[in-house]
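See structure below.
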Amino acid sequence: MSDSILPADPSRRNAVLATCTAGAVGGAAVAWPFLKSLRPSERALAAGAPVEVDIGALAPGEMKRVEWRGKPVWILRRTPEMLAALPSMTPKLADPDSNRAGEYPTPEYARNAARAIKEEYLVVVGICTHLGCSPTDKLTPGPQPSLPDDWQGGFLCPCHGSLFDLSGRVYANMPAPDNLEVPPHYYLSETTLLIGEEKAA
């Protein structure tokens, strides 16, 4: 009995080899789309990836909105007047020093009155911590409908009336239990912000 599994006849041997090769190629062609479908989509990969944001053109008093992990992230470049108003807010706030653990604890680098790495720039997730509505920006100080007469600027949640100051800190006795979330972030340069990662120690 011959040890070879191939026929002795060269023409039949070539036919068997061609059939095996065609079968292997066909099997790979069928398997590839299936295997590729098991990978996360480009959209899914992008949804969890850090977002690089150019803030070079952001003027004082302007706010830029970007998306990270399907959430709106606000980048507010505060004016000197906005920053000067922050200390006067302390008695009106539920958690002025961002010490509460909450669902999204504030990173150590944002546990200050400005809640920021660079006090000029506020970076927060624009989702109310009560039931997930998106607050509206009310950056102009002064009396306005649905706002206190001594309003210094900030954010109003239209769903249940929670108020947040210009650092995203929630007023006391509001439906929202916590300050707005500060996402992990750091500066790649003076004008470029990376949202979604913290700087390695």
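How big is the charge dipole of region 44-201 about its Cα centre, in debye rounded to the nearest 20, if each Lys and Arg gets +1 on its Cβ and each Asp and Glu gets -1 on its Cβ?
I would put it at about 140 debye.
Mind checking the dipole of region 150-201: about its Cα centre, +1 per Lys or Arg Cβ, -1 per Asp or Glu Cβ, Debye to the nearest 20?
For region 150-201, the charge dipole is close to 60 debye.
For Ile127, what accessible surface area do you get with a 1.4 Å probe? Give it in Å², rounded to 10.
It works out to around 50 Å².
How far is the Cα center of region 131-169 from the Cα center of region 73-119, in Å?
14
Could you please report the charge total around Tyr186, scoring K, R as +1 and D, E as -1 over all other residues with beta-carbon less than 9 angstrom from its beta-carbon?
With Lys, Arg at +1 and Asp, Glu at -1, the net is -1.
With each label point set 7 Å from Cα along the Cα-Cβ vector, what nm distance links Arg65 and Glu198?
It works out to 2.8 nm between the two label points.
Under 29 Å from the Cα of Lys199, which lysines turn up, not counting those fewer than eight places away in the same chain?
Leaving aside lysines fewer than 8 places away in the same chain, those within reach of Lys199 are Lys64, Lys71, Lys118.
Per 0.36 nm of contour for each residue apart, how much would the distance between Asn173 and Asp95 grow if the chain were fully extended, relative to their Cα-Cα spacing?
In short, 27.0 nm is gained.
Find how much the distance from Leu188 to Lys118 grows on full extension, using 0.36 nm per residue of separation minus their present alpha carbon separation; answer in nm with one decimal.
Roughly 23.9 nm would be gained on extension.
The values are calculated or read from the model by the stated rules, or taken from the named source; none is laboratory data. Worth saying up front: this structure is predicted, and the values here are computed from it rather than measured. A quick note on method: Cβ atoms are made from the backbone with ideal geometry, for glycine too, and the neighbour counts reach across all protein chains shown. Accessible surface is based on the protein model in full, side chains and every heavy atom, while ligands, DNA and RNA are left aside. Shrake-Rupley method; radii C 1.70, N 1.55, O 1.52, S 1.80 Å.
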